[in-house]
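The values are calculated or read from the model by the stated rules, or taken from the named source; none is laboratory data. Please read these numbers as outputs of a predicted model, since none were measured by experiment. Every residue, glycine as well, gets a Cβ built from its backbone with ideal geometry; the counts of neighbours run over all protein chains shown. Surface areas here come from the heavy atoms of the whole protein model, side chains and all, with no ligands, DNA or RNA. Shrake-Rupley method; radii C 1.70, N 1.55, O 1.52, S 1.80 Å.
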Amino acid sequence: MAEGKVAMRTQFPPSAESQKPRLKKAPEFPILEKQNWLIHLHYIRKDYEACKAVIKEQLQETQGLCEYAIYVQALIFRLEGNIQESLELFQTCAVLSPQCADNLKQVARSLFLLGKHKAAIEVYNEAAKLNQKDWEICHNLGVCYIYLKQFNKAQDQLHNALHLNRHDLTYIMLGKIHLLEGDLDKAIEIYKKAVEFSPENTELLTTLGLLYLQAILAAGSMMQTHGDFDVALTKYRVVACAVPESPPLWNNIGMCFFGKKKYVAAISCLKRANYLAPFDWKILYNLGLVHLTMQQYASAFHFLSAAINFQPKMGELYMLLAVALTNLEDTENARRAYAEAVRLDKCNPLVNLNYAVLLYSQGEKGGARAQYQEMEKKVNLLKDGSSLDFDPEMVEVAQKLGAALQVGEGLVWTKPVKDPKSKHRTTSTSKATSFQQPLGSNQALGQAMSSAAACRKPPSGAGGTSQLTKPPSLPLEPEPPVAAQPPEASAQTREK
């Protein structure tokens, strides 16, 4: 008989966990930074349109509270040239995270790009309070002070930046400050330290080499000014081996030959300089001067007219043009040129004297007398303001003209030495004993020696030293390196 087996099952008491009520799933809150990785990816790939689309979506989800999205949006606006919009967004980032120095640095940079250097300095100072060991803040403060022409404060900040962390760009900016101040030796010293720190930087090596060449040009220019033409040419020969295509070099060599009265060689060198730098008015001026000396008045007119196109505010150029026109028998245009020279040049008495000679030769004694009296006023001002003396030829012609016009008896001339104001550019076309043509014999023109313009502070509009390029922007986005140029050590022929 088969018995049915009853399956026996063990009964376990219910666990305590199973008796607890099951909790509901927590609600999902929006994560502010959940797409930051995607924004960053699009940004570094320079896919700005896709990046802006993700930023827009992220800001909509977070109701405009995602700091990173706003930060990248501001960077994109800056790259697109919308500096004011980027400034407003960076200011929003600074409000969302007031203790972040990077946000303040970006606000300051936008202010710098807008030209608000004082406001940028204030924001950088606030950023420095949050991070006192950030070399970028010190560097950028130095750059802002450079634009405000506060070079001492700029040097202090740049030295602080170098103390915190040495960078090539800081050395470059510090060297350019010394160049702006005209201190070539200190600039060379800074660039030497920079080359020792970064010997592979070609920009630093090139600039240092050009500064050494500038120093040689300046030394040759000083010798040239004192009449040591052979020694100056020896210096220039060294530079010519290294930089054979330097317009200032060939300009100086040409004026050396001019001082030695080798006019054909002077014209050859000056024309080479003009070929290398066709828009340099100083080279065109010198070419006009040499052609006037050689009595090639049509060529002189050509080069002086070109110089006036590039430097229309210099009275002496119009005076030389009038001299050329007088010898080309175009007295009407010569008088116009003299009138413009008198209007522009308020210091050089030779302009009025030449004009008076022309008017006297045309029989206009009244106009000649008026110009002579203007010359007397300028001479008296020059004597009262400094211990300058005057060119002997100018003195002789002025005395004879004064006797002919029966004026000038009370004018007392100092000992006959050349006047630095007209030492190199006092030119015209005839002997001093003749009143038929304006002033300036070949002897006077032969005294036109090259000046050491690089060793003096040039006046505005006629600087002999080409300044290096303007200081680069801040290191967050450094400018590409620009090849430095050798300064025009003595591209002019007048002494400052």
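Overview of values
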read-out	value
For TYR275: the one exception among (1) under 25 Å from the mean Cα position of the chain (by Cα); (2) in contact (Cβ under 8 Å) with a residue 12 or more places away in the chain; (3) assigned to a helix (DSSP H, G or I)	(2)
Index of the failed condition, TYR360 passing every other in (1) buried (at least 16 other Cβ atoms within 10 Å of the Cβ); (2) under 29 Å from LEU284 (Cα atoms)	(2)
Scope the range 30-45; condition among the charged types (D, E, K, R) and either at pLDDT 90 or above or crowded, with 18+ Cβ neighbours inside 10 Å (or both); matching residues	ARG45
Selection count, the range 76-96, where residues are surrounded by 14 or more Cβ atoms within 10 Å (Cβ to Cβ) and outside any helix (DSSP H, G or I)	1
Only one of ALA53, ALA26 that is of a type in the set (A, V, I, L, M, F, W, C) and at pLDDT below 75	ALA26
Residue in the range 330-338 that is at positive phi, charged (D, E, K, R), over 36 Å from the mean Cα position of the chain (by Cα) and at pLDDT 90 or above present	no
Of residues in the range 229-271 being assigned to a helix (DSSP H, G or I) and β-branched (Val, Ile, Thr), the one nearest to LEU284 (Cα to Cα)	ILE267
Filter pass, GLY64 being surrounded by fewer than 19 Cβ atoms within 10 Å (Cβ to Cβ), closer than 24 Å to ASN140 by Cα and small (Gly, Ala, Ser)	no
Subset tally (residues that are closer than 23 Å to GLN295 by Cα and either without any contact (Cβ under 8 Å) to a residue 12 or more places away in the chain or under 29 Å from the mean Cα position of the chain (by Cα) (or both)) for the range 341-360	1
Residue within the range 179-186 that is under 30 Å from GLN150 (Cβ atoms), surrounded by fewer than 21 Cβ atoms within 10 Å (Cβ to Cβ), touching a Gly at 6+ places or on another chain (Cβ under 9 Å) and free of Cβ contacts under 8 Å to residues at least 40 places away in the same chain present	yes
Residue list for the range 187-228, filter: open to solvent by 10 Å² or more (accessible area, probe 1.4 Å), small (Gly, Ala, Ser) and in a loop (DSSP other than H, G, I, E, B)	GLY227
Residues of the range 294-329 classified as open to solvent by 50 Å² or more (accessible area, probe 1.4 Å) and part of a loop (DSSP other than H, G, I, E, B), total	7
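A quick yes/no check of all residues on (1) over 30 Å from ALA218 (Cα atoms); (2) in contact with a strand residue (DSSP E or B) (Cβ under 6 Å, 6 or more places away or on another chain); (3) free of Cβ contacts under 8 Å to residues at least 60 places away in the same chain; (4) not small (Gly, Ala, Ser):
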{"residue": "CYS144", "(1), (2), (3), (4)": "yes, no, yes, yes"}
{"residue": "ASN160", "(1), (2), (3), (4)": "yes, no, yes, yes"}
{"residue": "GLY175", "(1), (2), (3), (4)": "no, no, yes, no"}
{"residue": "GLU189", "(1), (2), (3), (4)": "no, no, yes, yes"}
